[in-house]
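Everything on this sheet refers to the single structure shown next.
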Amino acid sequence: MRTVSGIQPTGNLHLGNYLGAIRNWVRMQDAMEESGGECFFFLADLHAISQYQDPAELRRGIREMAAALIACGVDPARSTLFRQRDVPAHSELAWLLNGTARVGWLNRMTQFKDKSGKNREGASVALYTYPVLQAADVLLYQATHVPVGDDQKQHLELARDIAIKFNTDYAVELFTLPEPIIPPAAARIMSLRDGAAKMSKSDASDMSRINLADDPDLITQKIRKAKTDPEPLPDDPGLLDGRPEARNLVTIYSALADEPVKDVLARFAGQGFGAFKPALAELTVEKLRPIGARFAELQQDPAELDRLLKLGAEKANRVAAPTLGGAYAALGL
Ligand code: TRP
């Protein structure tokens, strides 16, 4: 069993990202270890350039994301952690798979439609063929499990279609069919200022998000000032409908405490935010303290980060080589 997943290193180092993708990787790392499998996690820096990135920002973002992943518990000693760019087999296999993927398949990808919007003609070719690179990312390592958010499920189905067609067209059993692993209730964390908007690094107000590097005072202040409503907390999760800000704070509590929403409500039902917010602040500070500390430490040691990523890339290159070789051979190249 092998888990493979990627994340774009274009910053988003806030609580929403931690409780969404990153924490899920750490759980996969533990689960794989228990069942004798292994994990390959990478920074999808080649995917990042499918939209314009300022080069200096991208360079910074790559180190920052690597530091955040390690700080959150992705352990380079137990998982293979690397940059996509350091393993040329990703680009090479993507090109080979461009021969198998069909234009009709890519035309159905909703992410391309969303990201290109009204300016389809002006979108980069990389944005269009992005899912083929993603297929290469996972097929290269014979991934069995691919943890992704709901929005990436279609790309994974495409990877399976490409694998089936390649294996069939060239009469080989080269590629393993990967299964998407979609976390049951990937906590959707919303802005602290607007319960209808996702927590995001692009929000103009820093008060709308909790960053992994925020200190305890700032975290407490942000939660104290978070938008809420005057009602006390209900005892039934259904009664949070129509109360997006209240729901968001309860969701954050539930995700951090790793406790179902209904259990959190059972404890706080009838209490107002005057009581709930300090409890939430305390919990958030406690959970983020070790992460923030390690994050700061790693960011001050770029040489160490580069060393860890290089080690990961060496292993990834080794593991990728036979599959890439198999693909060239199958094609007659
Ligand atoms: N497209 C994914 C995202 O934006 C990132 C990604 C790139 C990925 N390659 C991958 C995820 C391979 C899983 C497997 O979230």
Residues meeting the amide H criterion for residue 145 (H placed from the backbone, H to H distance under 5 Å, 5 or more places apart or on another chain) are 2, 3, 4, 179
Across all Cα atoms of the chain, Rg and the largest Cα-Cα distance (Dmax), in Å, are 21.3, 70
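Among the listed pairs 118/225; 113/225; 198/277; 118/153; 201/315, which have their C-alpha atoms separated by more than 29 angstrom in this model? Each step should come with its number before you reach the end.
On the way: 118/225 37 Å; 113/225 37 Å; 198/277 20 Å; 118/153 23 Å; 201/315 32 Å.
In this structure, 118/225; 113/225; 201/315 exceed 29 Å between Cα atoms.
Using a Förster distance of 51 angstrom, determine the FRET efficiency expected from the C-beta separation of residue 205 and residue 103, and round it to 0.05.
On the way: r = 42 Å, r/R0 = 0.83.
According to the calculation, E is roughly 0.75.
Quick one: what do you get for the stretch 206-298 if you divide its Cα Rg by 2.2 N^0.38 Å?
On the way: Rg = 13.5 Å, N = 93, 2.2 N^0.38 = 12.3 Å.
Dividing the Cα Rg of the stretch 206-298 by 2.2 N^0.38 Å gives 1.10.
Which whole-number percent is the relative contact order of the chain (Cα, under 8 Å, 6+ apart)? Show your work: numbers first, answer last.
On the way: 506 pairs, mean separation 76.4, N = 333.
Contact order relative to length: 23 percent.
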Expected field for residue 145, accessible surface area in Å² at 1.4 Å probe radius, rounded to 10, holds 40 Å²
Given a 1.4 Å probe, the accessible area of the chain per residue, as a whole number of Å², is 47 Å²
Taking Cα atoms only, helix 89-98 is inclined relative to the longest principal axis of the chain by an angle, in degrees rounded to 10, of 70 degrees
In degrees, nearest 10, the alpha-carbon axis of helix 153-169 is tilted away from the dominant principal axis of the alpha carbons of the chain by 10 degrees
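Using a 1.4 Å probe on the protein chains only, how many percent of the accessible area of the chain belongs to carbon and sulfur? Don't skip to the answer; put the middle values down first.
Details: 8080 of 15630 Å².
C and S fraction of accessible area: 52 percent.
Please get the size of the charge dipole for the chain, origin at its Cα centre, with Cβ charges of +1 on Lys and Arg and -1 on Asp and Glu, quoted in debye to the nearest 20. Write down the numbers at each step before the final one.
Values: 39 positive and 43 negative charges, 122 e Å.
For this selection, approximately 580 debye.
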Tilt, helix 302-331 to longest principal axis of the chain (alpha-carbon atoms), in degrees rounded to tens, equals 40 degrees
In units of 2.2 N^0.38 Å, the Cα radius of gyration of the stretch 127-220 is 1.54
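The values are calculated or read from the model by the stated rules, or taken from the named source; none is laboratory data. Only a predicted model underlies this, so the values are computations on that prediction, with no experimental measurement involved. Cβ: placed from backbone, ideal geometry, glycine included. Neighbour counts: every protein chain shown. When the accessible area is computed, the model is the full protein with side chains, heavy atoms only, and any ligands, DNA or RNA have been set aside. Shrake-Rupley method; radii C 1.70, N 1.55, O 1.52, S 1.80 Å.
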